[in-house]
Amino acid sequence: MKIGIIGAGNIGGNLTRRLTALGHDVSVANSRGPHTLTELARETGATPVAAAEAARGAQVVVVTVPVRAVPDLPSGLLDGAAEGVAVIDTGNYYPQRDGRIAGIEDDGITESRWTERQIGHPVIKAFNGTYAQDILDRHHPAGDPGRMALPVAGDDEAAKRAVRDLIDELGFDTVDAGGIDESWRQQPGTPVFGLRAGAEAVRKALAEASPQRPSDFRA
């Protein structure tokens, strides 16, 4: 599969490492330019590219940048992507880092709904509450009793299935967390955020979430 990763921080870097190890054709970009990604490329075999090129031909695109940086992504970012591309949003809104975002704070839309409006394409929310190191260290084969489950939210059922299949290949179970308007259940401050547990515990944590954003995560 051809996969584009925009953002080479902890999550983006470790997804690059695992996805290339699984044989996928990965292009990776960051805000500083491909010349800053030569070490990651040498380690993994991924292709460093400019952000505007990361989605070209990609069947899956991972957007893993700070929420404040989403509006600064190149216009027409997904124009050259494969038909039916699945876009994964790993982001979380932290007002102390991102500044106050009125759409999230005042209009009450979920972080990922806001993100998809910025990029003009539906997104699938996944990996946002996953510790980056767990991507490298805590993957297990299907059926292993120690296998972790990750919540996945999104409105496009075909794209959600593609993302869940990819996460399964990475070594994790998934739980359908509903549509993007329900993705508040996995935002920072919710019971499932950072949870290292199996599918049953993840479902329970999603059900226990409150739609009220905790004060620590409001501006």
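The values are calculated or read from the model by the stated rules, or taken from the named source; none is laboratory data. Bear in mind the structure is a predicted one, so any value in this text is a computation, not a measurement. Every residue, glycine as well, gets a Cβ built from its backbone with ideal geometry; the counts of neighbours run over all protein chains shown. Keep in mind that these areas ignore ligands, DNA and RNA; they rest on the heavy atoms of the full protein, side chains included. Shrake-Rupley method; radii C 1.70, N 1.55, O 1.52, S 1.80 Å.
Descriptive notes on the structure:
- Of all residues in the stretch 2-45, those being open to solvent by less than 20 Å² (accessible area, probe 1.4 Å) and in contact with a His (Cβ under 9 Å, 6 or more places away or on another chain) number 1.
- Residue match in the stretch 137-159 (condition: without any contact (Cβ under 8 Å) to a residue 60 or more places away in the chain, charged (D, E, K, R) and crowded, with 19+ Cβ neighbours inside 10 Å): no
- A search for C-beta distances below 8 Å between a residue of the stretch 44-56 that is over 15 Å from Thr20 (Cα atoms) and any residue that is assigned to a helix (DSSP H, G or I), counting only pairs 6+ apart in sequence or on different chains, returns Val49/Pro34; Ala50/Pro34.
One line per residue, one yes/no per condition, for (1) without any contact (Cβ under 8 Å) to a residue 24 or more places away in the chain; (2) aliphatic (A, V, I, L, M):
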| residue | (1), (2) |
| --- | --- |
| Gly23 | yes, no |
| Val28 | no, yes |
| Thr38 | yes, no |
| Gln59 | no, no |
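- Residues of the stretch 191-210 satisfying the condition of being outside any helix (DSSP H, G or I), touching an Asp or Glu at 6+ places or on another chain (Cβ under 9 Å) and open to solvent by 20 Å² or more (accessible area, probe 1.4 Å): Pro191, Arg196, Gly198
- Pairing each residue of the stretch 191-203 that is on the phi > 0 side of the Ramachandran plot with any residue that is open to solvent by less than 70 Å² (accessible area, probe 1.4 Å) and not acidic (Asp, Glu), provided the two are 6+ apart or on different chains, yields C-beta distances under 6 Å for Gly194/Gly129.
- Apart from one condition, Val163 fits all of (1) within 14 Å of Phe193 (Cβ to Cβ); (2) surrounded by 22 or more Cβ atoms within 10 Å (Cβ to Cβ); the exception is (1).
Here's the yes/no breakdown for (1) in contact with a helix residue (DSSP H, G or I) (Cβ under 7 Å, 6 or more places away or on another chain); (2) of a type in the set (Lys, Arg); (3) closer than 21 Å to Pro66 by Cβ:
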site: Ser112; (1), (2), (3): yes, no, yes
site: Ile124; (1), (2), (3): yes, no, yes
site: Leu136; (1), (2), (3): yes, no, no
site: His140; (1), (2), (3): no, no, no
site: Asp165; (1), (2), (3): no, no, no
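- Output for the stretch 167-178, where each listed residue is part of a loop (DSSP other than H, G, I, E, B) and open to solvent by 20 Å² or more (accessible area, probe 1.4 Å): Gly178
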